[in-house]
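A.B. asks: Encoded as structure tokens, here's the structure I'll be asking about.
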Amino acid sequence: MEAYDHLTADRTAERPLVATESPLSSFAHRALDLVGALLLLILAAPVMIAIAIAVRIDSRGPAFFRQRRVGLNQREFTVYKFRSMRLDADEERHRRYVSALITGDGGETGGENLYKLAVDDRITPVGRLIRSWSLDELPQLFNVVLGDMSLVGPRPAIPYEVESYPTWYVKRFAVKPGLTGLWQVNGRNQRTYEEMVSLDIVYAEKRSFLGDLAILARTPKAVLGRRGVA
């Protein structure tokens with residue numbers, strides 16, 4: 001993690017950040033993603049099957065949830081998660097909340113979680129449980145295998161979220177979004193939205209293979225400590 005210590009994001013907005021990576025480094029990152037994601041899918045298969053059954057029993061609807069997200073170079077892709085909300089859930093309240101987070105207009109708070117509403121009656125009982133341990137994100141391992149995401153990277157943004165971005169925020173799209181990242185292992189719920197983006201940009205600017213391994217090593221402690229879920 002030393003590569004990321006004591007760094008701040010460059011907010012200069014004249015041009016977007018373009019991540020430069022050698023062919024060897026690119027190969028190493030992709031190999032880590034593929035091997036790690038496939039291994040985790042095998043190990044987590046029993047848990048994922050149990051969650052899928054629980055989600056189906058708990059409420060009407062499919063076990064999986066699909067949503068468009070913004071990834072590398074601002075290209076949209078479909079992210080996969082376990083469904084944690086009712087089928088009739090309305091996204092408008094969350095849209096307003098996230099917009100207020102970005103613009104600093106106040107409004108509802110996320111309680112102990114930066115990105116989620118403190119009180120959200122759209123969430124099912126099983127959904128609340130799997131969210132508290134980040135288990136709803138396990139299907140994103142398929143996104144890693146498909147190449148839309150990496151094991152490590154910025155949190156994948158929702159399109160309506162990006163609509164409110166200041167220009168310098170787009171630098172976080174210089175790398176693929178990830179299951180975990182620099183923000184997630186550095187007090188994610190104690191950070192403001194701007195601090196989250198700043199950490200994402202620092203990661204994009206200083207990304208390294210060893211840095212990714214360090215973030216992955218710190219992720220279990222962050223999840224088990226339940227310092228928030230993305």
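The values are calculated or read from the model by the stated rules, or taken from the named source; none is laboratory data. Because the structure is predicted, anything quoted here is derived from the model rather than measured. Counting neighbours? That spans all protein chains shown, and the Cβs are built from the backbone with ideal geometry, glycine included. With ligands, DNA and RNA removed, areas are computed over all heavy atoms of the protein, side chains included. Shrake-Rupley method; radii C 1.70, N 1.55, O 1.52, S 1.80 Å.
A.B. asks: Per residue, how many Å² of accessible area does the stretch 121-230 show with a 1.4 Å probe?
C.D. replies: 36
A.B. asks: Under 5 Å between amide H atoms, partner at least 5 residues away or on a different chain: which partners does PHE64 have, H built in plane at 1.01 Å?
C.D. replies: For PHE64, whose amide H was placed from the backbone, the distant partners under 5 Å are ARG83.
A.B. asks: With a Förster radius of 25 Å, plug the Cβ-Cβ distance of ALA45 and GLU21 into 1/(1 + (r/R0)^6) and report the FRET value to the nearest 0.05.
C.D. replies: Efficiency computed from Cβ-Cβ geometry: 0.20.
A.B. asks: Is the stretch 167-230 rounded, prolate or oblate when judged by the Cα gyration tensor, a ≥ b ≥ c being the square roots of its eigenvalues, rounded requiring a/c under 1.5 and prolate requiring a/b larger than b/c?
C.D. replies: It is oblate, given that a/c is not under 1.5 and a/b is not larger than b/c.
A.B. asks: Just order 189-195, 179-185, 154-160, 204-210 by mean Cβ neighbour count inside 10 Å, highest at the front, would you?
C.D. replies: 179-185, 154-160, 204-210, 189-195
A.B. asks: Beyond 20 Å, what share of the Cα-Cα pairs of the stretch 39-198 remains, rounded to the nearest whole percent?
C.D. replies: Result for the distance tail: 53 percent.
A.B. asks: Apply the Karplus parameterisation 6.51 cos²θ - 1.76 cosθ + 1.60, with θ equal to phi minus 60°, to every residue of the stretch 73-85 and state each ³J(HN,Hα) to the nearest whole Hz, in sequence, with x for glycine and proline.
C.D. replies: My calculation for the stretch 73-85 gives 6, 6, 7, 7, 8, 9, 9, 10, 9, 6, 5, 10, 10 Hz in order.
A.B. asks: Okay, next question. Checking the a/c ratio against 1.5 first, then a/b against b/c, what shape does the Cα gyration tensor give for the stretch 123-188?
C.D. replies: Note, shape of the stretch 123-188 comes out prolate.
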